[in-house]
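To keep things clear, I will list the structure first and then write my remarks on it.
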Amino acid sequence: MLQIKNLHAKIGDKEILKGINLEVKAGEIHAIMGPNGSGKSTLAGVLTGREFIEVTQGEIIYEGKNLLELSPEERAREGVFLSFQYPVEIPGVSMVNFMKTAVNEMRKHKGLPAMPAGDFLKLMREKQQFVEMEGKLTGRSVNEGFSGGEKKKNEIFQMAMLNPKLSILDETDSGLDIDALRIVATGVNKLKTAENATVVITHYQRLLDYIVPDIIHVLYDGRIVKTAGKELALELEEKGYDWIKKESAEL
Amino acid sequence: METTIQSEQLIQLYSDVYNNNQPIFRLQNTDWLNSLRIQSLADFKKLGLPTKKSERYKYSNLDPFLAKPYSFMLTPSNIDLDTNEVFKCDVPELGTHNVLLLNGFFYHKNSINGELPGGIWIGSLKKAINEKPELVEKYLNKIATNDDGLIALNSALFQDGLFVYIPKGKTLDKPLQVINILLSEADLFVTQRNLVVLEDNAHANLVFCDHTLTSKNYFTNSLTEMFVGEGSNLDFNNLQNEHDEAGRVSSIFVHQGCSSSVNSSTITLHSGLVRNNIKIKLDGEGAENNTTGLFLTDKTQHVDNYVFVEHAKPHCTSNQMFKGVLDDQSTGAFNGRILVDRDAQKTAAYQKNSNLLLTSDAKMNTRPQLEIYADDVKCSHGATVGQLDQEALFYMQARGIGKKEARLLLMYAFAHEIIQNIKIENLRFRIDEMVNKRLRGELSRCHNCAIHCN
């Protein structure tokens, strides 16, 4: 589904990603872990088309297409979804209008007519249950006045509405209490199928107790320095990142 | 070729309109009005026309709009309009009383013109001067102040306009929609005078819509005085939708008594140049005023809102909220003055002005002015001039929403904060729709009128 080959990227003059190689197949859950400043969010930014990040080398192939040639909205319409680390508040734009526009733009892209209003509202109701937010979204502006937990649940709600092929969850666990974490993780697990894939970006092992990855990568200083099975998370939790730093320094 | 006229010549020209047509201006049995005109003409000659040199018009250059060779109309046009067509075309199913004013004159075929049940009077100001001279004399020009040449000129030259009178304890059963239409074969200078009187515990809802129907050059000098008595409630919405060659200075004076409330919105959808002077005096304890406005400009259009709220008595509340969305090389200005008199303790006065610049060529000047002479008051003001939120744009794009659509959603959300204050539901929906169309560039952007519904 996704192949990242020798990806280099910089922000301003600073090189952040220094040759990333990664392959994600349908049906897989990957976790990308790493200390602060290792380039995790930059990688998420490159995948979703952040303008301020400049790709200097390498390529990203998604479903046979050159992802880097697509605009952020085209990527989304092709099935790439980012759960934001910091979801944006948009006063005055209602959740209903926002989601209706998004859903219908996706449908238009697939050559489908706009969804009838009744069906849409039914879908909204149904998907809110995924994240235990029944009735909490209608009548509100996008993320405005939402608590930290509500914002993250809203991200997973949107994921459920848009039914993406490739979901990137950027620090979805940050700022969540244990109940919200459970709800968010359950939502993500329910959305899992053999046709889609998920990349979980996280600093801590905590989220991986709930969303169990098939493969864990450790990102350090702009490179993936270690790839292993889910047991790696426990090792990192126990020993921290220092041994990885040391190991990669020795390389 | 367009002729331009110098300021001194203009002053002479306008004065001559009066001097050469004295039989029309000097009426029998209205000495008070005759002397008002003479005094106002003298004031006008002294004050002249507003220029950018005057502090109050610093950000608005009226010259290109004033210095055109306009005709003056001293009697109503002889045009037959199908009022059903005009109203159908405008705000549908509003459930309103409708009246039409044509080039500043009350249209003769309006179904309402005079007394309604309960002693309510809605009709031509000229007719009211003839039929109810004492009533008009009691209120006319009692709050307008000749400190601006155009205001003095209005008092000197006006012929007609709208008169609304709601007696004590009465309520106007439906909103009154007033459609001001400019339609002529020649370039026109229009003078319109409106007077709205709500006695104590009276209620009314007014909607003014300003439109141009032919592509001539227009300048409208409109003056409206509104008296809102004790315990009364007035809702006033003004929709300004004229073409690029239309200039308008609209001065509104509001006087509020004890525990009265006034809510107003001034929405400028389209126009060449607009200057709204809105002057409010809270002259009774417990009065409340909400004055809001929204403008959308593009090309070289200019909109200037000049608001002055005076708190003369204690325990009054005022709220000003104005917004602007400026595209292309358009320009705008906001001046919000709050004056709290020494006796006006326990005043709460708020002001907010936010503006969106869509290009780097668009320009906005905003200026709050607070003068507070009482010591127990709550006042706040805030002004912002900014661009669309890039993070919000990206967030929407990341959900598959195209950049253009995302921009529209954000602009629309910005504008909606003002529109949501409009209480008449159908009008709110209609204005929402018009603003949406305007932002999408679907409203006619041409020289002609924007309300031809195609």
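The values are calculated or read from the model by the stated rules, or taken from the named source; none is laboratory data. As the structure is a computational prediction, the values presented were derived from the model and not from experiment. Cβ: placed from backbone, ideal geometry, glycine included. Neighbour counts: every protein chain shown.
Remarks
- For the stretch A:92-110, the candidate set comprises residues that are part of a helix (DSSP H, G or I) and of a type in the set (S, T, N, Q); within that set, the residue that is surrounded by the most Cβ atoms within 10 Å (Cβ to Cβ) is A:101.
- The set of residues in the stretch A:159-203 being of a type in the set (Lys, Arg) and either in a strand (DSSP E or B) or in contact (Cβ under 8 Å) with a residue 60 or more places away in the chain (or both) consists of A:165, A:190, A:192.
- Number of residues in the stretch B:289-341 that are in a loop (DSSP other than H, G, I, E, B) and under 23 Å from residue B:253 (Cβ atoms) equals 6.
- Any chance residue B:435 is β-branched (Val, Ile, Thr) and more than 21 Å from the chain's Cα centre (by Cα): no
- The strands (runs of 3 or more DSSP E) found wholly in the stretch B:111-189 and carrying at least 2 residues that are within 21 Å of residue B:66 (Cα to Cα) and under 21 Å from the mean Cα position of the chain (by Cα) occupy B:176-182.
- Picking from residues in the stretch B:396-423 that are touching an Asp or Glu at 6+ places or on another chain (Cβ under 6 Å) and in a helix (DSSP H, G or I), the one that is farthest from the other protein chains (Cβ to nearest Cβ) is B:419.
- Any pair with Cβ under 8 angstrom, 6 or more apart, that starts in the stretch A:95-110 at a residue that is within 7 Å of chain B (Cβ to nearest Cβ) and closer than 18 Å to residue A:125 by Cβ and ends at one that is surrounded by fewer than 21 Cβ atoms within 10 Å (Cβ to Cβ) and aromatic (Phe, Trp, Tyr): none
- The sole residue among A:32, A:61 that is buried (at least 20 other Cβ atoms within 10 Å of the Cβ) and in a strand (DSSP E or B) is A:32.
- Residue selected from the stretch B:385-395 under the condition in a helix (DSSP H, G or I) and more than 7 Å from chain A (Cβ to nearest Cβ), by the criterion modelled with the lowest pLDDT: B:390
- The stretch A:204-236, residues that are in a loop (DSSP other than H, G, I, E, B) and surrounded by fewer than 19 Cβ atoms within 10 Å (Cβ to Cβ): A:204, A:210, A:212, A:214, A:221, A:229, A:230
- So residue A:82, is it within 13 Å of another protein chain (Cβ to nearest Cβ) and more than 26 Å from residue B:412 (Cβ to Cβ): no
- The listed residue being touching a His at 6+ places or on another chain (Cβ under 6 Å), modelled with pLDDT of 95 or more and surrounded by 20 or more Cβ atoms within 10 Å (Cβ to Cβ), out of B:347, B:291: B:347
- Any hit, the stretch A:67-75, residues being crowded, with 22+ Cβ neighbours inside 10 Å, out of contact with any Asp or Glu (no Cβ under 7 Å at 6 or more places or on another chain), part of a helix (DSSP H, G or I) and of a type in the set (D, E, K, R): yes
- Residue selected from the stretch A:27-72 under the condition over 30 Å from residue A:209 (Cβ atoms) and touching a His at 6+ places or on another chain (Cβ under 9 Å), by the criterion nearest to the other protein chains (Cβ to nearest Cβ): A:55
- Residue that is farthest from residue A:102 (Cα to Cα), among those in the stretch A:153-180 that are more than 14 Å from chain B (Cβ to nearest Cβ) and in contact with a helix residue (DSSP H, G or I) (Cβ under 7 Å, 6 or more places away or on another chain): A:177
- Condition broken by residue B:341, with the remaining ones in (1) within 23 Å of the chain's Cα centre (by Cα); (2) under 27 Å from residue B:284 (Cα atoms); (3) acidic (Asp, Glu) satisfied: (1)
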